[in-house]
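Report on the following structure.
The values are calculated or read from the model by the stated rules, or taken from the named source; none is laboratory data. Note that the structure is predicted; figures quoted are calculated from it, not measured. Methodologically, a virtual Cβ is constructed for each residue, glycine included, from the backbone with ideal geometry; neighbour enumeration extends over all protein chains shown.
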Amino acid sequence: MCVNTVGGFTCKCPPGFTQHHTACIDNNECVGEPSLCGTKGICQNSPGSFNCACQRGYELDDTGLHCDDVNECDSNDRCQHGCQNMLGGYRCNCPQGYTQHYQWNQCVGEYHTHTEGATLGH
């Protein structure tokens, strides 16, 4: 924003912008400080500011600057035999003789898993 003065003018940019001659250029805060959103956050530049987004399995805290792990096990319908929260995800518990299927979130008999793996060529 420029204002006429006696014999000239002065320019002043709003916060988040840098003056370049008579124009205000957006500061990309994400380039200057890549860790603004923490280790699990993704910095997204916006005009005059920035926003944080989170990787899958994480959510923004109350400050909007850091990502906290989502406890997927808080929902009782995720796993039939119990749930184990992990950073960025979760794992279903299975009874003895069963394992968690590598694609689906359900317990399958160990024989079924090995047979299917052989069929698929894994």
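Note down all Cβ pairs under 6 Å where the first residue falls in region 28-55 and is over 14 Å from residue 68 (Cα atoms), the second is in a loop (DSSP other than H, G, I, E, B), and they're at least six residues apart or on different chains.
Listed pairs, sorted by first residue: 43/36; 43/37; 45/28; 48/16; 49/16.
Does region 47-59 contain any residue that is under 14 Å from the mean Cα position of the chain (by Cα) and hydroxyl-bearing (Ser, Thr, Tyr)?
Yes.
Going through region 61-81 one residue at a time, which ones are more than 30 Å from residue 50 (Cα to Cα) and surrounded by fewer than 13 Cβ atoms within 10 Å (Cβ to Cβ)?
74, 75, 76, 77, 81
Taking residue 22 as meeting all but one of (1) surrounded by 10 or more Cβ atoms within 10 Å (Cβ to Cβ); (2) in contact (Cβ under 8 Å) with a residue 12 or more places away in the chain; (3) over 30 Å from residue 67 (Cα atoms), write down the number of the exception.
(1)
Tell me, which strands (runs of 3 or more DSSP E) lie completely within region 39-96 with 3 or more residues that are over 30 Å from residue 12 (Cα atoms) and out of contact with any Leu (no Cβ under 9 Å at 6 or more places or on another chain)?
Qualifying strands (runs of 3 or more DSSP E): 83-86, 89-92.
If a residue has to be within 30 Å of residue 41 (Cβ to Cβ) and in contact with a helix residue (DSSP H, G or I) (Cβ under 7 Å, 6 or more places away or on another chain) to count, how many in region 90-108 make the cut?
Total satisfying the criteria: 1.
Hey, any hits in region 57-72 for a residue that's among the aromatic types (Phe, Trp, Tyr) and at pLDDT below 90?
The answer is no; no qualifying residue exists.
For the structure I just gave you, tell me whether residue 9 is at pLDDT 85 or above and not in a loop (DSSP other than H, G, I, E, B).
Taking the combined requirement at face value, the residue does not satisfy it.
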